[in-house]
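Notes for the one structure printed next.
The values are calculated or read from the model by the stated rules, or taken from the named source; none is laboratory data. Note that the coordinates shown come from a computational prediction; the quantities given were computed from them, not determined experimentally. Methodologically, a virtual Cβ is constructed for each residue, glycine included, from the backbone with ideal geometry; neighbour enumeration extends over all protein chains shown.
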Amino acid sequence: MKQIALSYFEHPYLILIPFIIFFLFFIYLLITVMRKSNVNVYRELADIPLKDEEDDNNEQPGK
Amino acid sequence: MKEVTAAATVKTETVVYDEEIVKKFIYATLFWAAAAFLVGLLAALQLAFWPANMNLEWLTFGRIRPLHTNAAIFAFAGNAIFTGIYHSTQRLLKTRMFSDRLSNIHFWGWQLIILAAAISLPLGYSQSKEYAELEWPIDIAITVIWVVFAVNFFGTIAIRRVKHLYVAIWFYIATIITVAVLHVINSIEIPVSWMHSYPVYAGVQDALVQWWYGHNAVAFFLTTPFLGLMYYYVPKAANRPIYSYKLSIVHFWSLVFIYIWAGPHHLLNSSLPDWAQTLGMVFSLMLWAPSWGGMINGLLTLRGAWHKVRTDPIIKFLATAVTFYGMSTFEGPLLSIKSVNSLAHYTDWIIAHVHGGTLGWNGFLTFGMIYYLVPKIWRTEMHSKKLMNTHFWIGLLGILLYYISMWASGITQGLMWRAVDSSGQLVYPDFVETVMKIVPLYYVRFVGGALYLTGFILMIYNIWLTWKKAPADQTPATLNVKSERHESAGKGHRKLEGLGAVFTVLVFIAILVGSVIEIIPTLSIHKYLPKDEMVRPYSPLELAGRDIYVREGCYVCHSQMIRKLPFDVLRFGPPSTIAESMYDRPFQWGSKRTGPDLARVGGKYPDMWHYRHMINPRDITPNSIMPSYSWLNNKKIDYIGLRKKLSVMKYLGVPYDHETVANGDMQAEEQADGIYEELKSQDPSLGNIKNTEILAIIAYLQSLGKR
């Protein structure tokens with residue numbers, strides 16, 4: 001069965017390489033975003049859609 | 001906290017946003033939505049009540065269905081995406097679009113492409129590859145206009161006045177890059193004439209490339225851009241920050257990396273090699289996590305503002321849209337499990353799944369966004385909140401009727417197909433029995449669609465009245481902004497979020513990995529086929545008949561893929577093999593069985609059966625819902641074009657000899673005469689059908705499973 005399943009692809013283990021790369025990148029992402037030092041930065045970034053129309057001159061925002 | 005505001009030289013500039021382009025895309029979204037919904041309603045009616053095909057070749061279900069899907073995806077959803085992208089990008093990057101001229105070329109070019117599709121598809125110019133039916137000149141136009149859009153978008157990123165790229169922009173980047181890759185690779189074809197071409201891929205290769213494209217068209221045209229819009233408009237409308245920016249980062253990269261692998265789940269239990277099927281299934285299951293991460297992030301953005309779901313119709317639309325996103329992305333992986341797929345595939349369950357996504361997720365998110373944008377852009381208030389609420393409830397009722405009826409239809413038909421009695425025989429051997437059982441549900445679906453359209457008409461009426469009361473002064477919005485472009489901003493991923501070019505390259509690599517690993521091995525698959533398993537190429541007349549089969553869109557109702565499932569084998573014969581479709585350009589495996597599979601229909605019935613069946617299906621099968629194809633009786637076979645078609649096929653590797661290519665027209669005429677003489681001998685009262693297309697399609701159907 002395994003032979004039939006893999007008969008059209010000689011190197012199925014190659015699939016593991018990108019998967020491992022993704023897994024490592026995923027772990028790196030988790031570590032990065034969970035750093036305590038980033039908490040305030042991400043809180044600020046989450047506000048972007050609420051502040052994107054704020055006028056930097058503290059004037060009334062454009063209509 | 002990392003410093004994000006320190007800058008050596010900061011100057012203040014006034015940005016004047018281009019709102020005209022946003023207005024244009026809103027008009028286009030509303031116009032094409034009406035067209036897509038109307039055509040969809042007609043198609044739904046045709047399945048419930050076959051005379052709605054009107055015996056007109058331009059309006060048969062086979063031609064209307066691709067028109068509906070293209071209109072819904074590229075015209076309605078496409079223009080909606082552009083509306084949101086042009087509006088939000090300018091604000092998130094605090095700059096006007098890179099070029100007004102490119103914005104306008106993009107707008108008008110896209111509308112012309114849609115117009116070309118709306119004309120060419122009913123005329124039968126189709127490649128028969130789902131969501132990629134448009135012929136090669138239109139494919140080139142799509143590429144050019146997409147590049148224009150990309151230049152304008154990335155140009156805007158280059159001139160932005162903020163360092164950081166907000167998460168919505170990441171999703172737009174992924175959309176632009178991936179759609180370009182998908183479209184170009186899936187559309188590699190050799191022209192035969194001005195409006196006809198053959199793909200360079202054949203059979204299983206074509207199937208894999210097509211469903212890699214088809215699945216990711218859903219992923220990167222109907223999901224990632226709408227997620228970008230969700231990340232912008234849900235916080236805006238709710239006046240709440242997004243729930244978790246951290247989650248959005250993990251959500252984005254996981255989704256972009258994993259989605260691209262899932263295409264083979266459209267080909268489960270088929271003759272696609274098992275390793276590719278398993279890969280598609282496993283990655284589809286993995287998609288559950290990032291998809292729900294996005295949904296949770298969207299819904300929890302409403303924390304502290306849940307009361308608005310009750311009072312604010314915009315929030316109603318947006319929250320329901322995100323909920324439908326969650327339901328669809330739960331159902332998708334479920335349907336990708338091989339055993340579930342064996343029940344659901346080819347049935348209306350898939351239609352239910354698709355429409356939960358498009359009507360609920362894409363449709364409602366678009367409606368919510370437009371209701372948010374219209375008062376802001378036209379500087380007024382919506383005419384009637386009550387009408388907005390009515391639209392919401394009628395639309396939701398419409399979706400539920402649609403969804404539930406198609407679930408019931410799909411599961412009913414799936415169970416009837418597989419029902420076997422104690423002696424091992426099919427309980428419902430007559431395919432039409434399983435169709436008759438679900439026709440009442442097709443009427444329910446039609447009512448659901450009609451309700452959704454009614455809600456939309458209320459929206460048009462409401463917006464029309466809103467426009468009428470808009471102030472005459474429509475000065476564009478402006479904003480004073482400080483340039484912060486030369487700041488340093490964080491390390492690691494934080495830094496990456498400010499590097500547009502590097503970010504784009506990483507997205508490109510992320511989507512390329514899965515694509516290369518799945519597609520490259522399959523491209524050489526035919527080399528591994530044993531010589532004795534190979535089939536003969538189609539005869540010239542069979543090839544002509546095949547092109548007619550493609551033109552009429554027969555694939556939208558008939559599959560040509562007998563799965564490796566006992567009940568499929570009992571009903572239709574031995575499982576289809578890779579070799580049997582190795583010369584099929586384009587492949588015709590299909591994705592829906594409104595009618596029976598045709599992979600082994602050759603030789604099953606006499607030519608006269610096929611003749612009478614094509615002219616009036618009810619003469620043969622009293623309860624059939626198939627349209628009549630009486631015009632095939634009058635149209636003449638294009639013998640002249642055959643030599644060119646055969647030479648292109650030979651160029652693509654089909655082993656035609658020189659004699660066949662040089663005299664293909666004469667060989668075809670000879671074969672057609674043989675079929676004609678036989679039909680005439682059985683029924684002397686037949687009119688003069690010599691050299692008509694019906695002879696070619698009979699030759700093609702009789703060759704299926706017999707070569």
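Looking only at segment B:177-196, residues that are surrounded by 21 or more Cβ atoms within 10 Å (Cβ to Cβ) and assigned to a helix (DSSP H, G or I) come to 5 in all. Taking first residues from segment B:66-85 that are assigned to a helix (DSSP H, G or I) and partners that are of a type in the set (Lys, Arg), no Cβ contact under 7 Å between residues at least 6 apart in sequence or on separate chains turns up. Within segment B:660-672, being in a helix (DSSP H, G or I) and of a type outside the set (Asp, Glu) holds for B:THR660, B:VAL661, B:ALA662, B:GLY664, B:MET666, B:GLN667, B:ALA668, B:GLN671, B:ALA672. The condition (being surrounded by fewer than 22 Cβ atoms within 10 Å (Cβ to Cβ) and assigned to a helix (DSSP H, G or I)) is satisfied by just one residue among B:VAL354, B:VAL322: B:VAL354. Tell me whether segment B:446-457 contains one or more residues that are assigned to a helix (DSSP H, G or I) and closer than 16 Å to B:TRP349 by Cβ. There is at least one residue in segment B:446-457 that is assigned to a helix (DSSP H, G or I) and closer than 16 Å to B:TRP349 by Cβ. Residues of segment B:290-308 that are of a type in the set (A, V, I, L, M), surrounded by fewer than 21 Cβ atoms within 10 Å (Cβ to Cβ) and modelled with pLDDT under 95: B:ALA305 alone. Of all positions in segment B:380-393, none carries a residue that is without any contact (Cβ under 8 Å) to a residue 60 or more places away in the chain, under 29 Å from the mean Cα position of the chain (by Cα) and buried (at least 23 other Cβ atoms within 10 Å of the Cβ).
Within segment B:508-566, can you find the residues that are of a type in the set (Lys, Arg), in a helix (DSSP H, G or I) and either touching a residue at least 40 places away in the same chain (Cβ under 8 Å) or on the phi > 0 side of the Ramachandran plot (or both)?
Pass one, segment B:508-566, residues of a type in the set (Lys, Arg): B:527, B:531, B:536, B:546, B:551, B:563-564.
Then keep just the ones that are in a helix (DSSP H, G or I); that gives B:527, B:531, B:546, B:551.
Selection gives B:ARG546, B:ARG551.
In segment B:574-585, the residues that are among the aromatic types (Phe, Trp, Tyr) reach residues that are part of a loop (DSSP other than H, G, I, E, B) with C-beta atoms within less than 8 angstrom, at least six apart or across chains, in these pairs: B:TYR583/B:ALA202; B:TYR583/B:VAL535; B:TYR583/B:PRO537; B:TYR583/B:TYR538; B:TYR583/B:VAL654. Filtered by the rule that a residue be surrounded by fewer than 19 Cβ atoms within 10 Å (Cβ to Cβ) and of a type in the set (Phe, Trp, Tyr), segment B:325-339 gives a lone residue, B:PHE330. Evaluate the following for B:THR329: is it over 20 Å from the mean Cα position of the chain (by Cα) and among the β-branched types (Val, Ile, Thr)? In short, no.
For segment A:20-41, enumerate the residues that are among the aromatic types (Phe, Trp, Tyr) and either in contact with a Phe, Trp or Tyr (Cβ under 9 Å, 6 or more places away or on another chain) or at pLDDT below 80 (or both). Break it down into steps so the answer makes sense when it comes.
If we filter segment A:20-41 for residues that are among the aromatic types (Phe, Trp, Tyr), which is where we start, we get A:22-23, A:25-26, A:28.
Listed by number, the residues that qualify are A:PHE22, A:PHE25, A:PHE26.
For segment B:625-648, the criterion of a residue being over 34 Å from the mean Cα position of the chain (by Cα), over 28 Å from B:ILE64 (Cβ atoms), crowded, with 16+ Cβ neighbours inside 10 Å and among the aliphatic types (A, V, I, L, M) is satisfied by no position. Restricting segment B:487-525 to residues that are surrounded by 14 or more Cβ atoms within 10 Å (Cβ to Cβ) and among the charged types (D, E, K, R), which is farthest from B:SER284 (Cα to Cα)? Filtering first and then ranking leaves B:GLU487. Within segment B:142-161, the presence of at least one residue that is of a type outside the set (S, T, N, Q), out of contact with any helix residue (DSSP H, G or I) (no Cβ under 7 Å at 6 or more places or on another chain) and buried (at least 22 other Cβ atoms within 10 Å of the Cβ) is confirmed. Quick check on my filter: what residues within segment B:674-704 are of a type in the set (S, T, N, Q), without any contact (Cβ under 8 Å) to a residue 24 or more places away in the chain and not in a loop (DSSP other than H, G, I, E, B)? Selection gives B:SER681 alone.
Hey, could you check segment B:110-136 for residues that are small (Gly, Ala, Ser) and not in a loop (DSSP other than H, G, I, E, B) and say which is nearest to the chain's Cα centre (by Cα)?
B:ALA117
Within segment A:47-63, how many residues turn out to be modelled with pLDDT of 80 or more, at the interface with chain B (Cβ under 7 Å from one of its Cβ atoms) and surrounded by fewer than 18 Cβ atoms within 10 Å (Cβ to Cβ)? Full working, then the answer.
First pass over segment A:47-63, keeping only residues modelled with pLDDT of 80 or more: A:47-52.
Filter once more, so that each one left must be at the interface with chain B (Cβ under 7 Å from one of its Cβ atoms): A:47-50, A:52.
Next, only the ones that are surrounded by fewer than 18 Cβ atoms within 10 Å (Cβ to Cβ) stay: A:47, A:50.
Summing the residues that are modelled with pLDDT of 80 or more, at the interface with chain B (Cβ under 7 Å from one of its Cβ atoms) and surrounded by fewer than 18 Cβ atoms within 10 Å (Cβ to Cβ) in segment A:47-63 gives 2.
Considering the conditions (1) facing chain B (nearest Cβ under 7 Å); (2) modelled with pLDDT of 75 or more; (3) surrounded by 14 or more Cβ atoms within 10 Å (Cβ to Cβ), A:GLU44 is excluded by exactly one of them, (1). Looking only at residues in segment B:649-659 that are in a helix (DSSP H, G or I) and not basic (Lys, Arg), the one that is surrounded by the most Cβ atoms within 10 Å (Cβ to Cβ) is B:MET649.
Scanning segment B:567-580 for residues that are assigned to a helix (DSSP H, G or I) and under 12 Å from B:ALA599 (Cβ atoms) returns B:ASP568, B:VAL569, B:ARG571, B:PHE572, B:GLU580. Scanning segment B:209-266 for residues that are β-branched (Val, Ile, Thr) and within 14 Å of chain A (Cβ to nearest Cβ) gives B:VAL234, B:ILE242, B:ILE249, B:VAL250, B:VAL256, B:ILE258, B:ILE260. In segment B:283-306, the residues that are farther than 10 Å from B:LEU255 by Cα form Cβ pairs under 9 Å with partners that are among the basic types (Lys, Arg), at six or more places apart or across chains, as follows: B:THR301/B:ARG240; B:LEU302/B:ARG240; B:LEU302/B:LYS308; B:ARG303/B:ARG240; B:GLY304/B:ARG240; B:ALA305/B:ARG240.
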